[in-house]
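For reference, the structure discussed in these notes is given below.
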Amino acid sequence: MNTGALWPSLAEARTRVLGIQTKLHRWASDDQGRRFDDLYNLVADPATLIVAWTRVRANKGARSAGVDGQTARSIEAGRGATAFLFDLRSDLKARRFAPLPVRERMIPKAGGRKFRRLGIPATRDRVVQAALLTVLEPILEADFLPCSYGFRPNRRAHDAIAEVHMLATNGYTEVFEGDIEGCFDNIDHAALVARLRRRIGDKQVLALVKAFLTAGILGEDQVNRQTRTGTPQGGILSPLLANLALSVLDEHFARLWQQTSATRVDRARRHRHGLATYRAVRYADDFVVMVHGSRPQAERLHEDVAAILAPVGLRLAPDKTKTAHIDEGFDFLGFRIQRDRKRGDGRRYVYTYPSKAALASITRKVKTISRQGTNQTLTELLRQLEIVLRGWTTYYRHGVSNATFGYLRHYTWRRVVLWLRAKHRRTSWKGLRRRYTRKGWWPEQDGIKLFNPAAVKIVRYRYRGAHIPTPWTQPANQDSVGVT
């Protein structure tokens, strides 16, 4: 590849990068033992950097500055993106590039009692991380297994939910719910790089990844701290590295499946002898192991999973790791998954619907928005509510959510009506209705109506099976495969 060529346009860069990724993915898929030794030039290639810059520039976090105080917008307003990328490429080619510490920001978790550490890299570091991701992802994706769904191209949380639903419907009624304690903060660097080295032989790329892992953190107290473990949550490259570390879990259960349960005959034989079969479903660091067996067999997984995670520096959170029966139900990725009797039918089915925690989260957001004050107009309030409600209902419309959406409709309407009452204390209810509604009591202003969650159509999400195509392969015309 001629890295001294003129910088391509964005369209040319995207076409070129897609071709490179397709080749890398095909080579990695065709030869499971192949190690890639000449990748650094691809990371520093102008087309890769342009695509990486475009990704960073379009990201919501582009407005947040790292320790150097620069944002994508300030770079464009200053010397410009072209000069910035030219200098960045020169530093990469001359081996002068060294990542800066990430800026720490503590984000409160649900409930507000605990915090999650978010690391904000400098903009230049984000571009290099995005370039690394562009080159490494097609290679590592060839090794990742179908049971993993988080932070992978063309895969969604709904795919993980659909697989759990399919397994629970087919006899996998005991559930081991795993919770990893501080996943992004505790990954062992040596173990992670060793797993990366199985596919990547380019020492310069490996050194660049290690440099990001050990770049350090500038805390909110303005103290620099070393990072001996973990990959900062918030970096573009971090989800891929976390998936690489957590793939030890996927590989263990896939290997166990192939050795003991690969065929229907094998599974039937195990069940006759009172032995269990296991299927893992993972979305990033959230995972469950579905068990076709007994509660004690599910509970014994605690020691097995802990032993699998230990070599990569991870451990289970004792207070959050538990087992449950599908009839008791459990929460996974915001959904409550539970088997229950159908009304008027008597037969039992597995249902997925929004969890209580998810409903509490959205009602808390609605309440916060409606308590911001009455200086804004009703139109502004309705637009803010629509953003959060539309996104939430779009995610949960693939579950049994009619009753929840109906409750949310009433709750939101009540909050808005009380807001109007507070804004116009001297106006009668009749006056408010005449001013802010057309029919009935549904608020609107300037053509903007209050978003109605109950009007969102419920759509069943189809299980797509184990053959979800990557962006670098042609979709396979294969039917979904069930498991018994």
Practice task
Note the direction-averaged projected area, equal to a quarter of the hull surface, for the Cα convex hull of the stretch 363-484, in nm².
Solution key: 11.4 nm²
Practice task
Report the residues of the stretch 210-239 in range of a label on SER74: point 7 Å along Cα→C-beta, backbone N strictly under 18 Å from it.
Solution key: 218-220, 222
Practice task
Report Rg(Cα)/(2.2 N^0.38 Å) for the stretch 293-444, keeping two decimals.
Solution key: 1.50
Handout entry: Where only C-alpha atoms are counted, convex hull volume of the stretch 170-277 per residue in Å³
Key = 147 Å³
Problem - Straight-distance crosslink candidates among lysines, where the alpha carbon sits under 22 Å from LYS342 and sequence neighbours closer than 8 are dropped - result: LYS356, LYS457
Exercise for the section: Using the heavy atoms of the protein chains and a 1.4 angstrom probe, tell me the accessible area per residue for the chain in square angstrom. Expected result: 51 Å²
Fill in the blank from the handout: If the chain between ALA357 and SER294 were fully extended at 0.36 nm per residue, the gain over the current Cα-Cα distance would be 19.9 nm
Completion exercise
Of all DSSP beta bridges with both partners in the stretch 208-302, the antiparallel percent, nearest 5, is 90 percent
Handout entry: Cα centroid separation - the stretch 69-125 against the stretch 308-383, whole Å
Key = 33 Å
Fill in the blank from the handout: The percentage of Cα-Cα pairs in the stretch 1-76 separated by more than 21 Å is 43 percent
Completion exercise
Square roots of five times the C-alpha gyration tensor eigenvalues of the chain, ordered largest first and given in whole Å, equal 39, 35, 21
Completion exercise
Bounding extents of the stretch 18-60 in its principal axis frame from Cα atoms, largest first in Å, are 37, 20, 16
Problem - Carbon/sulfur fraction of accessible area - the chain, other protein chains in place, 1.4 Å, % - result: 49 percent
Handout entry: Cα pair distances exceeding 21 angstrom across the stretch 44-157, given as percent
Key = 48 percent
Problem - Pairwise FRET efficiency - LYS60 versus ALA306, Cβ, R0 = 41 Å, nearest 0.05 - result: 0.70
Completion exercise
Here the percent of antiparallel bridges among DSSP beta bridges lying wholly in the chain, to the nearest 5, is 90 percent
Exercise for the section: Could you calculate, for the stretch 268-317, the ratio of the Cα radius of gyration to the Kirkwood radius, expressed as Rg to Rh? Expected result: 1.03
Problem - For the chain, the longest site-free run once GluC sites (Glu not before Pro) in DSSP loop states with at most 16 other Cβ atoms within 10 Å are removed - result: 1-180
Exercise for the section: Treat every Asp and Glu Cβ in the stretch 304-454 as -1 and every Lys and Arg Cβ as +1, leave all other atoms uncharged, and give the resulting dipole magnitude about the Cα centre to the nearest 20 debye. Expected result: 1120 debye
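The values are calculated or read from the model by the stated rules, or taken from the named source; none is laboratory data. Every value quoted in this text rests on a predicted model; they were computed, and no experiment measured them. FYI the Cβ positions are ideal-geometry reconstructions off the backbone, even for glycines, and counts take in every protein chain you see. Heavy atoms of the whole protein, side chains included, go into the accessibility calculation; ligands, DNA and RNA do not. Shrake-Rupley method; radii C 1.70, N 1.55, O 1.52, S 1.80 Å.
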